[in-house]
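Data block below; observations after.
Computed from the coordinates by the stated procedures, all read-outs in this text should not be read as laboratory data. Note that the structure is a prediction, hence the values are computed from the model and not measured. Because the Cβ atoms are built from the backbone with ideal geometry, glycine has one as well, and the counts that use them run over all protein chains shown.
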Amino acid sequence: MNNESFFAEKFSLFVLSSGAFLKIERNLINLTKETTENVRMKCEFRGHPLPTIRWFKNEAPLEQEKGKIQIKQNILTAGRIRSRLIINQLDTHDTGYYKCEASNAAATLETIGVLIVRAGIVDVIELKKSIEFDICSIYLLRFRSYSSTECSNTIT
């Protein structure tokens, strides 16, 4: 490991003799959310030239998806940029490792955060109703001994 890469790894800063540099100003944080909630993840970098930022989930590039995933970027001051990843209506499949990566002539730096999405109580209730409904439907088809009103009373 050379001194430049040690310095970059230790302090999240990379400087070239040409004056180009890149620094992490704000790291991602680990988050735990419930399904159906929304989440905002933020990262911030400073560099010359101004870095470009890309987002990844489990090492796969993230793209905007109308109504679900938004990626916003703001230039705060000369050389300083903030990016936000917004995910709406979370579901357990959104759990993963999220990476915000900045690149310019000096280097490529990244910050990683873990998002855990837990099944909320609403999901558990809906799952219970679905299972009871399916069991009731099978029972009705097989034995034809319950009336539909009796069956609907078992799933409320």
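Couple of notes before you dig in:
- ³J(HN,Hα), Karplus 6.51/-1.76/1.60, whole Hz, each residue of segment 14-30, x for Gly, Pro: 9, 10, 9, 4, 6, x, 6, 8, 8, 9, 7, 9, 9, 7, 5, 10, 6
- Between the amide H of residue 28 and those of 112, distances stay under 5 Å, these residues lying 5 or more places away or on another chain, with hydrogens modeled in the peptide plane.
- FRET efficiency for the pair residue 50 and residue 119, taken as 1/(1 + (r/R0)^6) with r the Cβ-Cβ distance and R0 = 35 Å, rounds to 0.30.
- Difference of contour (0.36 nm per residue) and Cα-Cα distance, residue 70 to residue 97: 8.0 nm
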